[in-house]
1. Based on what the data block shows, is residue 158 of a type in the set (Lys, Arg), within 23 Å of residue 249 (Cα to Cα) and within 10 Å of ligand 1 (Cβ to nearest atom)?
2. Could you tell me how many of the residues in region 55-104 are among the charged types (D, E, K, R), away from ligand 1 (no atom under 13 Å from the Cβ) and over 22 Å from residue 260 (Cα atoms)?
3. Is there a residue in region 126-145 that is at pLDDT 95 or above, within 14 Å of ligand 3 (Cβ to nearest atom), in a helix (DSSP H, G or I) and within 20 Å of the chain's Cα centre (by Cα)?
4. Say whether the condition of being within 16 Å of ligand 2 (Cβ to nearest atom), over 25 Å from residue 172 (Cβ atoms) and among the aliphatic types (A, V, I, L, M) is met by at least one residue in region 120-128.
5. Got at least one residue in region 58-75 being part of a helix (DSSP H, G or I), away from ligand 2 (no atom under 16 Å from the Cβ) and more than 19 Å from the chain's Cα centre (by Cα)?
6. Restricting attention to region 92-125, which residues are β-branched (Val, Ile, Thr) and either under 30 Å from residue 39 (Cα atoms) or modelled with pLDDT under 95 (or both)?
7. Taking residue 30 as the residue in question, decide whether it is more than 16 Å from ligand 1 (Cβ to nearest atom) and either modelled with pLDDT of 95 or more or assigned to a loop (DSSP other than H, G, I, E, B) (or both).
8. Those residues that are of a type in the set (Ser, Thr, Tyr) and within 26 Å of residue 204 (Cβ to Cβ), I need them from region 118-169; list them, please.
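The values are calculated or read from the model by the stated rules, or taken from the named source; none is laboratory data. The structure displayed is predicted, hence computed values, not measured ones. Don't worry about glycine lacking a Cβ; one is built from the backbone with ideal geometry, like all the others, and counts go over all protein chains shown.
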Amino acid sequence: MLRTDWTLAEVTAIYHQPVLELVSQAAAIHAVTQATGEVQVCTLLSVKTGGCPEDCAYCPQAARYHTGVQAHKLLPDAEVLASAQRARDAGSTRFCMGAAWREIRDNKDFDRVLGMVEQVNGLGLEVCCTLGMLNEYQAERLKTAGLYAYNHNLDTSREKYDDIITTRTYDDRLNTLEHVRKAGISVCSGGIIGLGETDEDRVAMLHTLATLAAHPESVPVNALVPVEGTPLADQPRVSVWEMLRMIATARILMPNTMVRLSAGRQEMPVTEQALCFLAGANSIFSGEKLLTTPNPDFDADQQMFALLGLKPRKSFKDVPEGAVLMGRGKAPVEA
Ligand code: SAM
Ligand code: DTB
Ligand code: SF4
């Protein structure tokens with residue numbers, strides 16, 4: 001049974017097990033529900049960078065921090081399409097376009113993004129966007145244009161949220177996720193560790209994700225990339241043990257979900273990434289840049305895949321409509 005009624009006490013108990021016990025439990029679930037040995041390769045492109053009015057304490061793109069990020073307006077369509085083509089040729093099956101917007105506005109730029117979605121979809125890639133908050137109507141327009149998934153992270157627990165972001169609320173975030181779900185778009189939502197949060201905050205965030213009306217199809221686990229100029233620039237780096245706890249707990253709570261080992265890989269040796277795959281991660285962002293920060297390039301990841309005997313996973317796009325929101329694994333747990 002796929003469970004959306006996890007209690008906080010249950011999640012706490014899972015999370016706090018001895019780390020090797022936790023990883024082996026997650027690995028056992030992973031082996032049943034997911035195609036172990038396959039990892040989905042996704043690529044990010046920042047289509048509009050910097051100058052964001054929000055105050056997210058981790059983010060190099062917030063206008064109020066001086067981070068040296070080169071801001072630019074919405075990229076020309078041709079540039080976006082060329083980048084998607086390169087990603088596809090390098091073996092990527094999902095292409096995610098990010099914009100440093102607080103929310104989508106009904107203007108020419110949004111019309112242009114809809115056009116980009118249509119074109120990238122035409123390349124056979126799963127198209128994902130992360131454009132900030134949206135309403136029901138905007139979600140429907142994205143769906144009609146061919147959007148496959150929408151990324152909108154909870155980032156941390158409700159309790160910790162106000163320490164990190166004051167320009168919007170946790171409920172704003174949850175409302176956007178509801179609009180995405182209602183439009184029939186695949187939901188991608190996760191968070192960041194290393195913001196100065198406690199284990200209780202991490203557990204609470206995982207609990208919130210796993211008790212949404214339906215589990216997100218994709219849960220990115222980001223390690224903070226500390227960026228000079230942001231309030232969190234001096235945060236200590238998270239350890240592999242912390243990443244493993246997050247990934248393994250997410251895998252146990254949400255067995256059918258793609259768990260993405262997201263930001264933070266640039267600093268992680270292959271041995272640590274291998275442990276994350278063992279603990280249930282089955283997706284990565286590949287390509288030399290995430291949105292604004294460095295990331296392993298396609299060649300480096302290809303070498304890692306060869307070393308670990310991993311294969312890039314095929315796109316889910318061809319799965320028939322109607323099955324779109326179901327689990328994607330080998331033997332998904334019944335809803
Ligand atoms: N502006 C939109 C929004 O906030 O939803 C979309 C882009 S925003 C950059 C997407 C996500 O990137 C954030 O929710 C956060 O989880 C992640 N992110 C941003 N800066 C990060 C950093 N320095 N380290 C790790 N993750 C980061
Ligand atoms: C997600 O959870 N992580 C990605 C993607 N979704 C949009 C973004 C990571 C950004 C890291 C900081 C940067 O490169 O600007
Ligand atoms: Fe803006 Fe998104 Fe960065 Fe927050 S995370 S400052 S909303 S780009």
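1. Details: of a type in the set (Lys, Arg): yes; within 23 Å of residue 249 (Cα to Cα): yes; within 10 Å of ligand 1 (Cβ to nearest atom): no.
Judged against the criteria, residue 158 is not a match.
2. Of region 55-104, the ones among the charged types (D, E, K, R) are 55, 64, 73, 77, 79, 86, 88-89, 94, 102-103.
Add one more test, that the residue is away from ligand 1 (no atom under 13 Å from the Cβ), and what stays is 64, 73, 77, 79, 86, 88-89, 94.
From what is left, the residues that are over 22 Å from residue 260 (Cα atoms) are 64, 73, 77, 79.
Looking only at that region, the number is 4.
3. As a first pass, look at region 126-145 and keep what is at pLDDT 95 or above: 126-145.
The next check asks that each one be within 14 Å of ligand 3 (Cβ to nearest atom); those that pass are 129-134.
Keeping just the survivors that are in a helix (DSSP H, G or I) gives none.
Within region 126-145, not a single residue is at pLDDT 95 or above, within 14 Å of ligand 3 (Cβ to nearest atom), in a helix (DSSP H, G or I) and within 20 Å of the chain's Cα centre (by Cα).
4. Applying the first criterion (within 16 Å of ligand 2 (Cβ to nearest atom)) to region 120-128 yields 120, 125-128.
Narrowing further to those that are over 25 Å from residue 172 (Cβ atoms): 120, 125-126.
Applying the additional criterion that residues be among the aliphatic types (A, V, I, L, M) yields 120, 125.
So far as region 120-128 goes, yes, one or more of its residues are within 16 Å of ligand 2 (Cβ to nearest atom), over 25 Å from residue 172 (Cβ atoms) and among the aliphatic types (A, V, I, L, M).
5. Start the filter on region 58-75 by keeping residues that are part of a helix (DSSP H, G or I), which leaves none.
No, because not a single residue in region 58-75 is part of a helix (DSSP H, G or I), away from ligand 2 (no atom under 16 Å from the Cβ) and more than 19 Å from the chain's Cα centre (by Cα).
6. At the first step, the residues of region 92-125 found to be β-branched (Val, Ile, Thr) are 93, 104, 113, 117, 120.
The answer is 93, 113, 117, 120.
7. Working: more than 16 Å from ligand 1 (Cβ to nearest atom): yes; either modelled with pLDDT of 95 or more or assigned to a loop (DSSP other than H, G, I, E, B) (or both): yes.
Spelling it out, residue 30 is indeed more than 16 Å from ligand 1 (Cβ to nearest atom) and either modelled with pLDDT of 95 or more or assigned to a loop (DSSP other than H, G, I, E, B) (or both).
8. As a first pass, look at region 118-169 and keep what is of a type in the set (Ser, Thr, Tyr): 130, 137, 144, 148, 150, 156-157, 161, 166-167, 169.
Within region 118-169, 130, 150, 156, 157, 161, 166, 167, 169 meet the criteria.
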